[in-house]
Amino acid sequence: MVERKKAVILVDPLSTGVVLQKRILEAGLSIIIVWSDRSQPCARGKHFARSGLTADQFPAVVVHEESKLDDTVKAVTAVKDVQVVAIMCGSEFGVLLEDSLADALNTAWGTSHLLSSGLPDTRLKVDKYLQSETVRAAGLAAVRQKLARCPKDVELFIAQQEGTQFKAVAKPQTGAGSVGVAFCESADAVWSAYETILAGEHKAHCGDKYRHYKSAGVLLQEYLEGTEYIVNVVSLNGKTKVTAMWEYDKRPYNGASFVCFSKRLLGAYDELHLVEILQYTENVLRALKFRDGSVHAEIMYTADRGPVLIEANCRLHGGNGAWVHPAEMCMGYSQLSVMMDAYLNNGKEVFSSIPDWPVKVNGGCHQVKMRTA
């Protein structure tokens with residue numbers, strides 16, 4: 001009998017997913033690519049150009065269609081001469097399919113080895129409104145917000161701002177990369193942002209890449225004053241490892257409200273308040289009941305309320321994976337390498353050997369994004 005080659009199902013290998021794909025192949029594993037219904041055909045084509053590979057170099061390339069999970073399961077199980085050992089997600093668009101496909105294949109094969117997040121409500125992977133409400137219900141600090149589904153909701157939110165210095169944020173209910181997020185200093189600005197988001201003029205509109213939220217609203221939130229941090233986490237069987245902390249430098253630029261200029265890699269004890277942020281992030285994941293996988297959490301540290309969740313992106317840190325090599329140079333591991341160990345080795349090599357928090361950053365790392373004048 002010919003031994004089947006071990007393979008990973010990689011959902012939407014875009015952004016950091018291209019780096020993940022490279023690492024999986026370097027580990028000697030095959031890859032079955034599954035494109036989610038949320039990924040765009042143009043991005044799929046560019047993927048092969050960017051990675052330098054062609055579709056025929058993979059055992060299979062499957063395109064998932066909305067509401068046709070059974071067909072996707074059949075297509076994957078029909079792939080011959082491979083043994084699927086894990087399902088991983090490369091980018092934001094595939095996070096929902098990652099869970100549903102893992103659960104469906106575990107059922108089809110009568111196994112339990114394919115990890116999924118374990119969230120009691122899958123919407124928590126992408127819905128910023130539900131995330132903050134869940135965190136609030138757990139007694140943790142949460143952003144004040146209103147989900148606007150109609151003009152009356154906008155009116156109520158604006159009325160709540162009276163008597164204060166008007167600062168608010170409007171954003172899509174789901175999304176990534178700060179796309180469609182607007183800073184509002186007046187009621188008129190809130191109305192303008194609300195109408196723009198509903199019209200789908202931003203690239204992350206629910207009627208396009210986020211079809212699972214056909215009735216999504218516009219999320220109106222208080223403006224949090226403070227310093228924003230990224231906390232990268234890998235969880236395995238409910239045990240969390242913070243693999244990196246980055247301090248954001250975001251500013252208005254070229255008509256956009258929140259543009260990233262740089263990220264600074266930090267150790268857990270480099271600043272007094274970082275431990276508080278780490279403890280808060282772990283409590284957030286407990287509140288969400290996140291069990292397995294990667295989370296890229298964005299946390300605002302405020303002077304009066306301490307850390308407050310902005311959003312928990314249930315996937316690898318994005319940015320095309322430009323952070324992977326710098327993190328590994330400074331700490332010896334990254335969120336990507338730790339996640340691969342968790343999924344492929346049950347955490348026996350890297351996950352179990354690293355500290356719970358990034359204790360020491362050797363040298364230093366400041367990832368700078370160049371902006372033209």
Point-to-point label distance, residue 271-residue 111, nm (Cα→Cβ direction, 7 Å offset):
4.4 nm
Taking the convex hull of Cα positions in the range 54-93, its mean projected area over all directions (nm²):
3.7 nm²
Counting only protein chains, not ligands or nucleic acids, how are 123, 286, 264 ordered by accessible area (probe 1.4 Å), most first?
286, 123, 264
Going Cα to Cα from residue 46, which lysines come in below 21 Å? Please leave out same-chain ones fewer than 8 positions away.
22, 203, 209
Tell me what the chain gives for mean residue ellipticity at 222 nm when only DSSP H runs of n ≥ 4 count, each as -39,500 (n - 2.57), the sum divided by the residue total, rounded to 500 deg cm²/dmol.
-9000 deg cm²/dmol
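If DNA, RNA and ligands are ignored and the probe is 1.4 Å, what is the ranking of 14, 101 by accessible area, most exposed first? Display every interim value, and only then the final one.
Values: 14 20, 101 0 Å².
My answer, sorted largest first, is 14, 101.
Quick one: which of 181-190, 152-161 comes out on top by average Cβ neighbours within 10 Å, and what's the full order, highest first? Provide the component values of the computation, followed by the final result.
Working: 181-190: 17.3, 152-161: 15.6.
Result, highest mean first: 181-190, 152-161.
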Sulfur and carbon atoms: percent of accessible area, the range 52-193 [1.4 Å]:
49 percent
Once you put a point 7 Å from the Cα of residue 153 and another 7 Å from the Cα of residue 186, both along the Cβ direction, what distance in nm separates them?
2.5 nm
Connecting every pair of Cα atoms under 10 Å apart in the chain and solving the GNM, the largest mean-square fluctuation among 195, 276, 26 falls on 26
Result: in the range 232-373 the number of Lys pairs with C-alpha under 21 Å apart, spaced 8 or more or on different chains, is 11
What does the convex hull of the alpha-carbon atoms of the chain project to on average, in nm²?
19.3 nm²
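If I stretch the segment between residue 223 and residue 237 completely, what's the gain in nm (0.36 nm per residue apart, minus their alpha carbon distance), one decimal? Don't skip to the answer; put the middle values down first.
On the way: separation 14, 0.36 × 14 = 5.04 nm, distance 3.49 nm.
Roughly 1.6 nm would be gained on extension.
Using packing as a proxy for protection, rank 336-343, 296-303 so that the peptide with the highest average count of other Cβ atoms within 10 Å comes first. If you can, show how the numbers build up before the last one.
On the way: 336-343: 24.5, 296-303: 20.1.
Put in order of decreasing packing, that is 336-343, 296-303.
Give the calculated FRET efficiency between residue 166 and residue 3 to the nearest 0.05, with a Förster radius of 56 Å applied to their Cβ-Cβ distance.
Values: r = 66 Å, r/R0 = 1.17.
Efficiency, rounded to the nearest 0.05: 0.30.
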Size of electric dipole in the chain: Cβ of Lys, Arg +1 and of Asp, Glu -1, about Cα centre, debye, nearest 20
560 debye
Heavy atoms of residue 46: accessible area, 1.4 Å probe, square angstrom to 10
140 Å²
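So what is the accessible area of the chain per residue, in Å², with the probe set to 1.4 Å?
So the chain comes to 44 Å² accessible per residue, rounded to a whole number.
The values are calculated or read from the model by the stated rules, or taken from the named source; none is laboratory data. For clarity, every value in this text was computed on a predicted model and none was experimentally measured. Neighbour counts run over all protein chains shown; Cβ positions are idealised from the backbone, glycine included. Keep in mind that these areas ignore ligands, DNA and RNA; they rest on the heavy atoms of the full protein, side chains included. Shrake-Rupley method; radii C 1.70, N 1.55, O 1.52, S 1.80 Å.
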